[in-house]
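A.B. asks: One structure, pasted below without further comment.
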Amino acid sequence: MNKKKKRLIMRSIILFVLASAVGYAFYSNLTKEARGNLQAGDKAPDFVLTDLNGEKRQLSDYQGKGVFLNFWGTWCEPCKKEMPHMERLAKEYKDKGVEVLAVNVGDSKLQTKKFAEQYDLTFPIAIDSSREVQDAYGINPLPATFMINPEGKVEKIVIGGLVKEEQVRALFETVKP
């Protein structure tokens, strides 16, 4: 094969990769509305997921309480850092009308259960294996936390890890009834 032909093939491959990337970017932006584009003040989409104990968890069942809704994954380093804070404050705020509901995205039940045991997590952990809830909330990347007030509206959205306990505490306070 001569040099000109190799160069043509290489340029064609690079052009194809670039065109694919641009096409994906357009597709992502054009379908963002369908995936979910929640903002503070919006009604939180209701969902039903099964937790690690086999119980159904429906967001609307938490009506009248504040909800710390956290989307996370076992592989996510910031998620690992925020879990101990969430556990401590979940116990502290349970009697104050704020509940934690953690939604694992994309991991198996076994992986999630091992993670929960490793971090001694006692709050409910639901698994979104189909990623439907993740799409409804428009989440990317993880972790993402939605503070939902007792009326079921989104008070605050935090994308990224909550590495300080004071950050988590301040969020709990925003939805305390």
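The values are calculated or read from the model by the stated rules, or taken from the named source; none is laboratory data. As the structure is a computational prediction, the values presented were derived from the model and not from experiment. No Cβ is skipped: glycine too gets one built from the backbone with ideal geometry, and neighbour counts run over all protein chains shown. Just the protein is used for accessible areas: all its heavy atoms, side chains included, with ligands, DNA and RNA removed. Shrake-Rupley method; radii C 1.70, N 1.55, O 1.52, S 1.80 Å.
A.B. asks: Is it the case that Glu132 is open to solvent by 70 Å² or more (accessible area, probe 1.4 Å), closer than 17 Å to Gln58 by Cβ and not small (Gly, Ala, Ser)?
C.D. replies: Judged against the criteria, Glu132 is a match.
A.B. asks: Counting only residues that are within 14 Å of Asn70 (Cα to Cα) and in a loop (DSSP other than H, G, I, E, B), how many does region 161-173 have?
C.D. replies: Adding up the residues that qualify gives 3.
A.B. asks: OK, next. Does region 103-118 contain any residue that is open to solvent by 40 Å² or more (accessible area, probe 1.4 Å), touching a residue at least 12 places away in the same chain (Cβ under 8 Å) and among the aromatic types (Phe, Trp, Tyr)?
C.D. replies: no
A.B. asks: Output yes when any residue across region 43-62 is out of contact with any helix residue (DSSP H, G or I) (no Cβ under 7 Å at 6 or more places or on another chain), aliphatic (A, V, I, L, M) and loosely packed, with under 15 Cβ neighbours inside 10 Å, and no when none is.
C.D. replies: Step one: list which residues in region 43-62 are out of contact with any helix residue (DSSP H, G or I) (no Cβ under 7 Å at 6 or more places or on another chain), which gives 43, 48, 50-51, 53-62.
Still in the list and also aliphatic (A, V, I, L, M): 48, 59.
Remaining after also requiring loosely packed, with under 15 Cβ neighbours inside 10 Å: 48.
There is at least one residue in region 43-62 that is out of contact with any helix residue (DSSP H, G or I) (no Cβ under 7 Å at 6 or more places or on another chain), aliphatic (A, V, I, L, M) and loosely packed, with under 15 Cβ neighbours inside 10 Å.
A.B. asks: While we're on this one: Checking Asn70 against (1) at pLDDT below 95; (2) under 20 Å from the mean Cα position of the chain (by Cα); (3) not β-branched (Val, Ile, Thr), which single condition isn't satisfied?
C.D. replies: The one condition Asn70 does not meet is (1).
A.B. asks: Hey, another quick one. If I filter region 136-177 down to residues being under 14 Å from the mean Cα position of the chain (by Cα) and surrounded by fewer than 16 Cβ atoms within 10 Å (Cβ to Cβ), which single residue comes out as nearest to Pro84 (Cα to Cα)?
C.D. replies: Looking at the filtered set, the residue picked out is Gly160.
A.B. asks: Something else now. Would you check which residues across region 1-17 are in a helix (DSSP H, G or I) and open to solvent by 100 Å² or more (accessible area, probe 1.4 Å) and list them? Write out each step before concluding.
C.D. replies: Step one: filter region 1-17 for residues in a helix (DSSP H, G or I), giving 3-17.
Within region 1-17, Lys3, Lys4, Lys5, Lys6, Arg7, Leu8, Met10, Arg11, Leu15, Phe16 meet the criteria.
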